[in-house]
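Working notes, beginning with the structure itself.
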Amino acid sequence: MRMSKRLILGAIVLLVAAFAISGGWLVSDWHTPFKGKPGPILVSVPKGTHAGVVLESLYQHGVVRSRISVKLAYGFLGRPRNLKAGTYRFDQPATPLQVIEKLNRGEVVYTKVTIPEGLRAEDVARVLTEAGLGKQETFVHLIRDGRLIKDLDPEAHSLEGYLFPETYLLDPGLSEEAVLQALVKSFRSWWQSHGAPRGTSASVREVVTLASLVEKETGAPVERGLIAGVFYNRLKMGMPLQTDPTIIYAEVEAGDYRGHLTRDDWSYPSPYNSYLHAGLPPGPICSPGTASLEAALRPTPTNYVYFVSRNDGTHAFSRTLDEHNHAVDRFQRTDGRDHPGARHR
């Protein structure tokens, strides 16, 4: 009997000692910063991920020293069962308690990227790649598939024109397709609130295509409506739009652009060449901004049919060919030569 009591007492002492040692180890680990890999560590948390899966991922990525320690800490101090989706960034060594506090706050990181107005889709891909949001070749491959916009534009064979220009805060852990979806979603949102409700008879593709021409023709806000009005007048009259950016787009897409246009480029063989073909080009030539989209939807009523650059970012507008030729003489033929594109626009 005495031996049994001694064994039981010994076992209790051992258990107490084990608990004390374990508790001491846990307290020490919970307050000791750790980082198992150099450089920033990014841990992506998909939507709906259970906390236990995330904690295991933190251990696998080298954010914490012990999976047991961090899971016990989360059991005591963690709040949500499903953590906020996004990417968590760990730059410095952190204790398990600090890691859990970051998870509790849902402290995900975002990449800020601005898509300027007037970029070709492949240039948008370059901007996204330089921001660290994916691979250029993957973006370009996805951009050349119009699937993400087919419901609005059944003729779309790419995302050209629909990668909406604005500033985005994006999760760096998103896939390239998800990044492009965010840009297209912004266009959808704009169209639903500004385009579709106005009941325009033009299709979304026609509006975006015309807006892309306006975007490329002028950077002067006060002119966008007028230039859209000129284009609409020419479309009604069956006149070619004769806008140089359509040729530039065609040549850039084919790898033929030399950085400038000459008279020979007026006959460049492409359906986008608005000198050769009347009507709108087959599709957008860039991603237009909101001002150009508004101009395409609500052009300024005008009798103007021609315009020519003043070489200061603005244009001179004319109603007749004679007026236009005088404007060309004044603004474009300063060296005695006929400049490409000036005479016919």
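The values are calculated or read from the model by the stated rules, or taken from the named source; none is laboratory data. For clarity, every value in this text was computed on a predicted model and none was experimentally measured. Positions of Cβ are backbone-derived with ideal geometry, glycine not excepted, and every protein chain shown enters the neighbour counts.
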Kindly evaluate Tyr249 against the criterion of being out of contact with any Lys or Arg (no Cβ under 8 Å at 6 or more places or on another chain) and aromatic (Phe, Trp, Tyr).
no
Among the residues of segment 118-145, how many are in a helix (DSSP H, G or I), under 27 Å from Leu213 (Cβ atoms) and either of a type in the set (A, V, I, L, M) or touching a residue at least 24 places away in the same chain (Cβ under 8 Å) (or both)?
9
Looking at Ile248 and the list (1) more than 13 Å from Phe307 (Cβ to Cβ); (2) out of contact with any Asp or Glu (no Cβ under 9 Å at 6 or more places or on another chain); (3) of a type outside the set (Gly, Ala, Ser), which single condition is not satisfied?
(2)
Of the numbered conditions (1) buried (at least 20 other Cβ atoms within 10 Å of the Cβ); (2) in contact with a Ser or Thr (Cβ under 9 Å, 6 or more places away or on another chain); (3) of a type outside the set (S, T, N, Q); (4) at pLDDT below 95, Pro299 fails exactly one; give the number of that condition.
(2)
Determine whether segment 192-210 contains at least one residue that is in contact with a Ser or Thr (Cβ under 8 Å, 6 or more places away or on another chain), in contact (Cβ under 8 Å) with a residue 40 or more places away in the chain and not in a loop (DSSP other than H, G, I, E, B).
yes
Looking at (1) aromatic (Phe, Trp, Tyr); (2) at pLDDT 90 or above; (3) in contact with a Pro (Cβ under 8 Å, 6 or more places away or on another chain), which is the one condition that is false for Tyr88?
(3)
Answer yes or no: is there a residue in segment 228-249 that is more than 26 Å from Glu122 (Cα to Cα), among the small types (Gly, Ala, Ser) and assigned to a helix (DSSP H, G or I).
yes
Kindly indicate which of Glu223, Glu176 is touching a Phe, Trp or Tyr at 6+ places or on another chain (Cβ under 7 Å) and acidic (Asp, Glu).
Glu176
Regarding Phe34, is this residue in contact with a Lys or Arg (Cβ under 6 Å, 6 or more places away or on another chain) and either buried (at least 18 other Cβ atoms within 10 Å of the Cβ) or modelled with pLDDT under 90 (or both)?
yes
Taking segment 203-231 and keeping only residues that are over 22 Å from Pro116 (Cβ atoms) and surrounded by fewer than 17 Cβ atoms within 10 Å (Cβ to Cβ), one is left with Ser203
